[in-house]
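The values are calculated or read from the model by the stated rules, or taken from the named source; none is laboratory data. Predicted model, so just to flag it, every value in this text is computed and none were measured. Please note: Cβ atoms are built from the backbone with ideal geometry, for glycine as well, and neighbour counts cover all protein chains shown. For the accessible areas, the whole protein counts, side chains as well, though only heavy atoms, and no ligand, DNA or RNA atoms are used. Shrake-Rupley method; radii C 1.70, N 1.55, O 1.52, S 1.80 Å.
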Amino acid sequence: MKTQLGLYGYMPRIQVLPPETARLIAAGEVIDRPASLLRELIDNAIDAGASDIQVEIQGGGSTSVLVVDDGMGMDAEDLALSILPHATSKIRSADDLLTTRSLGFRGEALASIAAAARLEITSRSAETPEARKLVSRPESAPTMEATHGRQGTRVQVEGLFDNFPARRQFLKRSQAEASLCRQVFADKALAHPAISFRFASEGRNLDRLPACESFRERVLALHDDPGPALVHEPRFTGQGFEGRAVLASPAFYRADRRFMQVFVNRRRIQDYSLISGLDQAFDGLLPGGAHPFAFLYIEIDPSLADFNIHPAKREVRFRDPASIRHVVSSGLGSFLRGLVRARPEGQEAEGEKYGVKNGAQYGDSHPALDFGRQGGSLPGGQSRGSGGSAWYAPLPGSSGGGPGQGWDSLLRERPFSPGVPPMGTDTGTGTGTGTGQGDPIRYLGTAMELFLVVEAGDSLYLIDQHAAHERLLFDELSAARPAVQELLVPILYEAESDAEDTRIEAIVEIIAAVGFGLERAGEGAWALTSLPALLAADPAGALRDLLDSPEADPRKAALATTACRAAVKDGDRLEAAAALELARRALALPEPRCPHGRPVWIRMTRGDLFRAVRRIV
Ligand code: ADP
Ligand code: MG
């Protein structure tokens, strides 16, 4: 057995690459970064029937990834076989692919990991009295010894790509890798509520998720917003499939699709058609450009869905995609319309008009001053997309008297009506301290680590510092060709799918004109050779953001990505003088919206404020 371990069973006829390099290339298809390694290990634990899965990572997963499960474990013989290429206990023949429900089936993951990192597996099956520990190093034959341990499996992977600097350089900062790991963890936890999970990074416990009974409970355990009162779990069925959706009522929405997720047979997949089916279910219930909070879970007869089309099984090919999409959009659509109809008359009319739904009839009580909170309730914190686009819909307080009313009307009048007249321009507002150059602006401080609080004329403004800076940068970049930085060492980017590859091909010239230089570097691979100078700090992340951008116009997507990444962030502290200058320019913007379409500032006049506290104006 041992002599076989770690070797191919054949020699290639034309030997160009040393075998370890060839293995690594093959491994790269499955394992390209710590998050994909973690995904494979959690999948194995789930496939082994675990009821508890514990994950610990160090150094963003590049230093170490540890996954401990209480599943069925392996005996000595299986353990030795487990790290061989194409060794799997899950299928016997290609036909089994039609019926398998396991997450893994290619038998590649452990072999790939063994090729790329130091791997230690300790495992004990129910039938064996003692545990075994297998130790494997990329450069030497694996060893095995008896050890102590309870039933289940403990897999530790250390030093991913340590011996392969060419691959290592594609990894992001460890914090970014850690948040990708946490995202993978969340994807798995969301799909398996009956399993308890724990996630720790750098010794800190970030998630403890007890086993629970429903997808809804798990979604709520991972997301603080939108809160239990707004979240429903309708079911639907169709030919050969059934499903559930965990969704927030239309009172809660976002400007991006980050909380629109699709799971098919417990795998998180990227499926544009189903995502747009979800959007369609909410059609007419949300304001333009807004997206719902909706998690879709489909269980389908495995013979009607092929997962074997993507190395990471991130895509699925349905036998009949149209019928699934139809059930999702029309079934959930009528469920949602039922919810909306259940609402008292007057509120519905108001909400509909402005796209701001009042969720009060579901028993929630949102504070009146809830203007829209910064996102980030997702494990992993920062979104891979723009920090600026993580936002929540305003949830006005209960209507029908009370202070909520006043704020409610502010929301409707200001941020949701385009073309709010700018203030502080040459004419001034004509009242109070008007100077002819515009009202003097007083910077009062920063609130919530995000809003510049500014008084000017008879009004108080809350200016979103990120959105404001983003808009100003966007306008500057659109007006003149951005400064470009050539990369000393081009960065390799592998398209995530054929579709993405084709898309890059289609936009490559347009984005080159605004600084993103990409050259073909093989099938599905691109070399990033230059990028806007403002983005030099994290070229790979910038490219990723650009490709993930929901903006259809590639030039605009590239400029918006640049502006978003270069702009001051939430929590960045500005000097008073810089804050004042930013406020002055933000208030002078002819179109005070960020490139994603969000309002840059909120204005409250003296009259609004006085009315809100019931003073006579
Ligand atoms: P696959 O999951 O595609 O079968 P892997 O390389 O991930 O391939 O794993 C190879 C085999 O090792 C699995 O088929 C399974 O029998 C065994 N194995 C891996 N991880 C575990 C685990 N955590 N518990 C029990 N068995 C495992
Ligand atoms: Mg596997």
Discussion item. Can you find a residue that is out of contact with any strand residue (DSSP E or B) (no Cβ under 7 Å at 6 or more places or on another chain) and part of a strand (DSSP E or B) anywhere in the range 259-269?
Written reply: yes
Practice prompt. Hey, can you tell me all the residues within the range 145-194 that are part of a strand (DSSP E or B) and either open to solvent by 60 Å² or more (accessible area, probe 1.4 Å) or basic (Lys, Arg) (or both)?
Written response: 145, 154, 158
Discussion item. Among (1) touching a strand residue (DSSP E or B) at 6+ places or on another chain (Cβ under 8 Å); (2) open to solvent by 60 Å² or more (accessible area, probe 1.4 Å), there is one condition residue 316 misses while meeting the rest; what is its number?
Written reply: (2)
Item to complete: Please name all residue pairs, on different chains or six or more residues apart, with Cβ atoms under 6 Å, provided the first residue is in the range 281-305 and is at pLDDT 95 or above and the second residue is of a type in the set (Lys, Arg).
Response: 297/244
Practice prompt. Test residue 81 against the criterion of being within 9 Å of ligand 1 (Cβ to nearest atom) and either open to solvent by 10 Å² or more (accessible area, probe 1.4 Å) or among the small types (Gly, Ala, Ser) (or both), and give yes or no.
Written response: yes
Practice prompt. Answer with yes or no whether residue 251 is buried (at least 20 other Cβ atoms within 10 Å of the Cβ), over 27 Å from residue 46 (Cα atoms) and of a type in the set (Gly, Ala, Ser).
Written response: yes
Worksheet item: Is it true that residue 180 is under 19 Å from the mean Cα position of the chain (by Cα), over 26 Å from residue 115 (Cβ atoms) and not polar (S, T, N, Q)?
Response: no
Worksheet item: Out of the residues in the range 105-140 that are in a strand (DSSP E or B) and open to solvent by less than 10 Å² (accessible area, probe 1.4 Å), which is farthest from ligand 2 (Cβ to nearest atom)?
Response: 131
Worksheet item: In this structure, does residue 45 turn out to be at pLDDT 95 or above and either open to solvent by less than 10 Å² (accessible area, probe 1.4 Å) or under 16 Å from residue 154 (Cβ atoms) (or both)?
Response: yes
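Condition test on residue 197, is it open to solvent by less than 10 Å² (accessible area, probe 1.4 Å) and touching a strand residue (DSSP E or B) at 6+ places or on another chain (Cβ under 7 Å)?
yes
Going by the conditions given, is residue 572 closer than 21 Å to residue 448 by Cβ and open to solvent by 20 Å² or more (accessible area, probe 1.4 Å)? Lay out the reasoning, then the answer.
Working: closer than 21 Å to residue 448 by Cβ: yes; open to solvent by 20 Å² or more (accessible area, probe 1.4 Å): yes.
In short, yes.
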Fill in: Set 597, 541: member being surrounded by fewer than 18 Cβ atoms within 10 Å (Cβ to Cβ) and either in contact with a helix residue (DSSP H, G or I) (Cβ under 9 Å, 6 or more places away or on another chain) or under 21 Å from residue 493 (Cα atoms) (or both)
541
Item to complete: Considering only residues that are within 20 Å of residue 42 (Cβ to Cβ), more than 7 Å from ligand 1 (Cβ to nearest atom) and polar (S, T, N, Q), look in the range 103-139 and name the one that is nearest to the chain's Cα centre (by Cα).
Response: 112
Worksheet item: Among the candidates 534, 492, 518, 487, which residue alone is loosely packed, with under 15 Cβ neighbours inside 10 Å, among the aliphatic types (A, V, I, L, M) and outside any loop (DSSP other than H, G, I, E, B)?
Response: 487
Worksheet item: Quick check: anything in the range 22-32 touching a Gly at 6+ places or on another chain (Cβ under 9 Å), within 30 Å of residue 540 (Cβ to Cβ) and either small (Gly, Ala, Ser) or modelled with pLDDT of 60 or more (or both)?
Response: yes
